Amino acid sequence: MKTKALTAAQIDTLAQRLSDAPIEQATSAKKAGDNFARLLAARIGAERAALAFTSIMTAATAEQAEARLTLVLEYGNIEPTMGAIPAAAEEPKAAIAPVIGKRQAILDQAQSGVLPQALDFSKPTHARFRAKLAQIVALAETGDIAALQAFEINPVSSSPKAMARYRDLCVIAITARSTITA
């Protein structure tokens, strides 16, 4: 029987059964599979999760994968043909720490008053925007919020869009500094 790979949406549906909180929908089957494997390992342990993950992901259909996950969760079966695995003593479940992305980490730093690192416009692609970036960096270092907010940027390509994000993060950081010291 030929198997068809599960889609990202189908894998996300399986992963949602392992999480009490709503999970973010993955953009690819690989990301969805990684998230599902992490949640499964947190739920049933790393050793059992490796076997169960393989069994679930090699299912011929989404319904069969759902049935295999049910067997693993409710009866402790890693594969449909195996007998029930005796339940181990109740161990407290490890709290799954939320994953913070790079952009969120930079935003959190800015909200705590730390100026973001200046952009690297050393590549030839950014040559025509270096002067504008230098002006933004100078305004950020002086802490001139009004001038930063008034600085006009036309976000028509990736370089100006990056400068606009940098400017906005600088405004957030300077504002946070003024509220912390006030």
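The values are calculated or read from the model by the stated rules, or taken from the named source; none is laboratory data. None of these values were measured; they are calculated from a predicted model. Here the Cβ positions follow ideal geometry from the backbone for every residue, glycine too, while neighbour counts run over all protein chains shown.
Only one of the numbered conditions (1) closer than 15 Å to V99 by Cβ; (2) of a type in the set (G, A, S); (3) touching a residue at least 24 places away in the same chain (Cβ under 8 Å) is violated by A37, and that is (3). Listed by first and then second residue, the pairs linking a residue in the stretch 136-163 that is touching a residue at least 40 places away in the same chain (Cβ under 8 Å) to a residue that is surrounded by 11 or more Cβ atoms within 10 Å (Cβ to Cβ), with Cβ atoms under 8 Å apart and 6 or more places separating them unless they lie on different chains, are A162/L119; M163/L119; M163/F129; M163/K132; M163/L133; M163/I136; M163/I153. Checking each residue in the stretch 55-67 for being within 27 Å of the chain's Cα centre (by Cα) and either farther than 16 Å from F36 by Cβ or part of a helix (DSSP H, G or I) (or both) picks out S55, I56, M57, A62, A65, E66. Checked against (1) surrounded by 13 or more Cβ atoms within 10 Å (Cβ to Cβ); (2) closer than 18 Å to L107 by Cα, F151 passes all but condition (2). Among the residues making up the stretch 1-31, those that are hydrophobic (A, V, I, L, M, F, W, C) and under 12 Å from A65 (Cβ atoms) are A5, L6, I11, L14, A15. Tallying residues that are outside any helix (DSSP H, G or I) and among the hydroxyl-bearing types (S, T, Y) within the stretch 125-182 yields 1. Of all residues in the stretch 1-41 being of a type in the set (D, E, K, R) and not in a helix (DSSP H, G or I), which is modelled with the lowest pLDDT? Among those residues, the one meeting the criterion is K2. For the stretch 107-136, a residue qualifies if it is surrounded by fewer than 17 Cβ atoms within 10 Å (Cβ to Cβ) and hydrophobic (A, V, I, L, M, F, W, C), and the qualifying residues are V114, A118, A127, A131, A134. Quick one: how many residues across the stretch 162-182 are exposed (fewer than 13 other Cβ atoms within 10 Å of the Cβ), under 31 Å from the mean Cα position of the chain (by Cα) and not small (G, A, S)? Total meeting the criteria: 2. If you scan the stretch 32-55, which residues turn out to be surrounded by fewer than 19 Cβ atoms within 10 Å (Cβ to Cβ) and over 18 Å from T7 (Cα atoms)? Those that are surrounded by fewer than 19 Cβ atoms within 10 Å (Cβ to Cβ) and over 18 Å from T7 (Cα atoms): A41, A42, R43, G45, A46, E47, R48, A50, L51.
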